[in-house]
Amino acid sequence: MDKALCDGETLVDMRKIYEAPPWWVCLTWALSLALMVCTVFLSMRTIWCHVCATRRSGFTRGFHVSLGVRADLTVAILALPLSHGVTAAIQTVFPGTSEVMAFIRTLHFSVSIMKCIFLFHILAGGDDCIGAMLPKSPVKAFNAPPLCCIFCWPCCKRPLRKPRDIQIFLLAIKQFTICAPVITLVDILVKERASSGKTDNIMDRVVFLLVASSSMTAMWAFNALSGLIAPIVQQLRREYPAPSMRKFVTIHMLAGKIIDLLVVLAMQRLHGTLCVKDWRPFASMMSGFLVVIVSFVLAAVGPQMFPWCEAMYRPRDEQGLPQDLIPLLQLNGVNTHEWPALSSLVLKVPPVTEECEQHGPSFQSTTTGEALRDGSCCGAAGGQSQNRLSDHSLIV
């Protein structure tokens, strides 16, 4: 049987923690605030470097208008450590605000996973490159965590059905953007009623199931879809660390959900051996502190995962087209092959031969002027020139 570390006279009352906080609480507060300041500084520095890099691509209208679709999506994702770090530090100092801070983190994350998919679409060069390089052989496209135990069976291996399978993934991600804020607000109200003594176990369980099902479905769809597109981006342009970008977003989900769950389970297990009277505020404080640490680490590695080099933002070509013009039109639902004025701008991939990997390091596309890796569509285009886009957009 576990022996309590503190006797009844030395137990800390978390409700009166601000009157005479113990030294270890003050240390936790100081470290969380210091890590928050470092996280904000590192995140803002990375974002500012991306802002400056967009100017060489010709996006000079200013930060308050737009930095271009590539930079706008990147900056929105790079702000994840900033929002997570600030809200987690507030949660550490004021444990009573944990529900509201978790709600803010959920809002930002629910939008960021969709922006990450859009960014992969832009970096890949649009629907034509993605459609040409998606796997043609049978694959377990739906086999992704956290629902991998459902789709891991041999019968789940089949050819990818375009665009239906992609649309299923997008719908599963978009429902999280809509449902997560509403369900989280209801969850806050339910927990507020529970704290006032008006418990409703049935309602609490229903809300928990809704939150779990919505978030797990969204993460499954994100992992599955990004698992298909991220390797395409990596193969087309090795300078774009797409798998690392994917992990950057996924870790924020783990930090926002899994850490809270693990800390609560640990506090329930250690209840009676802690130096606090009420373990729930203490669990909120420790959870916030751990999220601050994770946010600081992600802010520190952000420049490696989202580089701002010339490969990411190519220099402006006054004789060519703005960067990402065609992928942006496709991202907004335009089937560019239906517009005669855009027919000469659509990406043309040369006929694929067995010697494609023996050519020079890159060739110029006639769409955006971006240099694609030579042989990037080898084996994917089936030896045919990709003269136009597919009839259906893969992303919208």
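The values are calculated or read from the model by the stated rules, or taken from the named source; none is laboratory data. From a predicted model like this one, the values you see are computed outputs, not experimental measurements. Cβ coordinates were reconstructed from backbone atoms using ideal geometry, including for glycine residues, and neighbour counts include every protein chain displayed. Side chains are part of the model used for accessible areas, which takes the heavy atoms of the whole protein and leaves out ligands, DNA and RNA. Shrake-Rupley method; radii C 1.70, N 1.55, O 1.52, S 1.80 Å.
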Scan region 138-166 residue by residue and report those that are assigned to a helix (DSSP H, G or I) and open to solvent by less than 20 Å² (accessible area, probe 1.4 Å). Asp165, Ile166
Need pairs with beta-carbon distance below 7 Å; first residue more than 15 Å from Ile117 (Cα to Cα) and of a type in the set (Val, Ile, Thr) and within region 167-187, second in a helix (DSSP H, G or I) and open to solvent by less than 30 Å² (accessible area, probe 1.4 Å); sequence gap 6+ or separate chains. Ile183/Val207; Ile183/Ser214; Thr184/Thr106; Val186/Val207
Going through region 167-204 in order, the residues found to be open to solvent by 40 Å² or more (accessible area, probe 1.4 Å) and at pLDDT 80 or above are Gln167, Ile168, Leu171, Lys174, Gln175, Thr177, Ile178, Cys179, Val182, Leu185, Val186
Restricting attention to region 156-177, does a residue exist that is in contact with a helix residue (DSSP H, G or I) (Cβ under 7 Å, 6 or more places away or on another chain) and closer than 24 Å to Thr97 by Cβ? yes
Restricting attention to helices (runs of 4 or more DSSP H) lying wholly within region 243-339, give those where 3 or more residues are touching a Leu at 6+ places or on another chain (Cβ under 6 Å) and at pLDDT 80 or above. 279-305
Please indicate, with yes or no, whether at least one residue in region 260-267 is open to solvent by 60 Å² or more (accessible area, probe 1.4 Å) and in contact (Cβ under 8 Å) with a residue 12 or more places away in the chain. no
Region 210-226 - residue that is within 16 Å of the chain's Cα centre (by Cα) and open to solvent by 30 Å² or more (accessible area, probe 1.4 Å) and, of those, farthest from Met133 (Cα to Cα): Met216
Could you check region 124-137 and list, in sequence order, the residues that are touching a Leu at 6+ places or on another chain (Cβ under 8 Å) and surrounded by 18 or more Cβ atoms within 10 Å (Cβ to Cβ)? Ala124, Gly125, Gly126, Asp127, Asp128, Cys129, Ile130, Gly131, Met133, Leu134
Taking the residues in region 40-86 that are assigned to a helix (DSSP H, G or I) and in contact with a Gly (Cβ under 8 Å, 6 or more places away or on another chain) as candidates, determine which candidate is surrounded by the fewest Cβ atoms within 10 Å (Cβ to Cβ). Val40
Looking at region 311-326, is at least one residue buried (at least 21 other Cβ atoms within 10 Å of the Cβ) and closer than 23 Å to Val100 by Cβ? no
Might you let me know whether region 95-110 holds any residue that is touching a residue at least 12 places away in the same chain (Cβ under 8 Å), out of contact with any Cys (no Cβ under 8 Å at 6 or more places or on another chain), open to solvent by less than 20 Å² (accessible area, probe 1.4 Å) and closer than 30 Å to Val334 by Cβ? yes
Can you tell me which residue in region 112-159 is modelled with the highest pLDDT, limited to those that are closer than 20 Å to Asn335 by Cα and among the small types (Gly, Ala, Ser)? Ala124
Has region 127-137 got at least one residue that is without any contact (Cβ under 8 Å) to a residue 40 or more places away in the chain and either assigned to a helix (DSSP H, G or I) or not small (Gly, Ala, Ser) (or both)? no
